[in-house]
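Structure record follows, encoded as structure tokens.
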Amino acid sequence: MADAPQHRLGELMEESDPPFEEVMSCVFGIEDHETRTYLALCDRPGSTIEELAAALERDRSTVNRSLSTLRERGLVRRDRRLLDGGGYVYQYTAIALPEAKELLHEALDAWTATVHDVIDEFDGRQ
């Protein structure tokens, strides 16, 4: 697994009513196009890279990188489907939105707890 996501929670504090996509990008430390890939996959479970690339109007390499990041964050799973003529193709499925929301809540709660600890431990000395 790759390094922990680099949260961009400070960006959320600058907006009074951020859209869900921005919340997801900031909390999981992913790019906006990766969030769009996740949401597209929610509507198209079992998609291949080619199918997603066509749906998103992006090149395959960009979609492949997005899917790798989403898999690292636990938001997408990959399954291998055997082809009739031999070989296989990977199919991708997004975790269910309620599960993703729970992960968002957990990440945000962990960040909030860290900030509360910093506040509580501050004694006024530099």
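The relative contact order of segment 19-67 comes to 30 percent, based on Cα pairs under 8 Å that sit 6 or more residues apart. Taking amide H atoms as placed 1.01 Å from N in the peptide plane, the amide H of Ser47 lies under 5 Å from those of Tyr92, each 5 or more residues away in sequence or on another chain.
Just to be sure I understand: with springs between alpha-carbon atoms less than 10 Å apart, which residue in Asp59, Asp17, Asp43 has the highest mean-square fluctuation in the Gaussian network model of the chain? It is Asp17. Entry comment: accessible area of the chain is 66 Å² per residue, from protein heavy atoms only and a probe of 1.4 Å. Values [x] 99; [y] 137; [z] 162 are given for comparison; volume of the Cα convex hull per residue in Å³, derived from the coordinates here, is the one labelled [y]. Among Val23, Val115, Val63, the largest mean-square fluctuation in a Gaussian network model of the chain (Cα springs under 10 Å) belongs to Val115. To put it simply, the accessible area of segment 40-112 at a 1.4 Å probe is 47 percent carbon and sulfur.
Only Cα pairs under 8 Å and 6+ residues apart enter the sum, and on that basis the relative contact order of the chain stands at 22 percent. Ellipticity at 222 nm from helices only: DSSP H runs of n ≥ 4 in the chain, each -39500 (n - 2.57), divided by the residue count, give -17500 deg cm²/dmol. Treating r as the C-beta distance of Tyr90 and Ala113 and R0 as 35 Å, the FRET efficiency rounds to 0.40. Converting phi to 3J(HN,Hα) with the Karplus coefficients 6.51, -1.76 and 1.60 and the offset θ = phi - 60°, segment 36-49 yields 4, 5, 4, 5, 5, 5, 4, 7, 9, x, x, 6, 8, 4 Hz in sequence order, with x at every glycine or proline.
Subtracting the Cα-Cα distance of Ala55 and Asp43 from their residue separation scaled by 0.36 nm leaves 3.3 nm. With a 1.4 Å probe rolled over the protein heavy atoms of all chains, the accessible area of Tyr38, Tyr88 falls in the order Tyr88, Tyr38, largest first.
The values are calculated or read from the model by the stated rules, or taken from the named source; none is laboratory data. Just so we're clear, the structure is a prediction, and the values are computed from it rather than from any experiment. Glycine also receives a Cβ, built like all others from the backbone with ideal geometry; neighbour counts cover every protein chain displayed. Side chains included, ligands, DNA and RNA excluded: accessible areas come from the protein's heavy atoms. Shrake-Rupley method; radii C 1.70, N 1.55, O 1.52, S 1.80 Å.
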